[in-house]
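Since the structure comes first, as structure tokens, the remarks are kept for the end.
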Amino acid sequence: MGSFSIWHWLIVLLIVVMVFGTKKLKNLGSDLGGAVKGFKDGVKDGGTDPAAPGTATPGVTPAPGQVVNQTAADKATIDVEAKQKL
């Protein structure tokens, strides 16, 4: 009663294929594989290239009032504050 035979697993697999279809199962498998690959790449790249102290990380917005070193491209931009009309 505690263990299932191969026939039980084949019946379960058949029901799953009938409910979801082979196309959705294929997409689910490829999405899961891509997520695992992305996770492995992220873990591998996570400790290899740390940012230098005092530099901004791309895609991360600094907190208000925080001083961050600017690159040459950032120095060409003008920082303004928008005023709200009353």
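The values are calculated or read from the model by the stated rules, or taken from the named source; none is laboratory data. Nothing here was measured: the structure is a model prediction, and the numbers come from that model. FYI the Cβ positions are ideal-geometry reconstructions off the backbone, even for glycines, and counts take in every protein chain you see.
A few comments on the model shown:
- Those residues of region 1-47 which are surrounded by fewer than 10 Cβ atoms within 10 Å (Cβ to Cβ) and outside any helix (DSSP H, G or I), in sequence order: Met1, Gly2, Ser3, Ser5, Gly47
- Annotation for region 45-53: at least one member residue is modelled with pLDDT under 65 and under 18 Å from the mean Cα position of the chain (by Cα).
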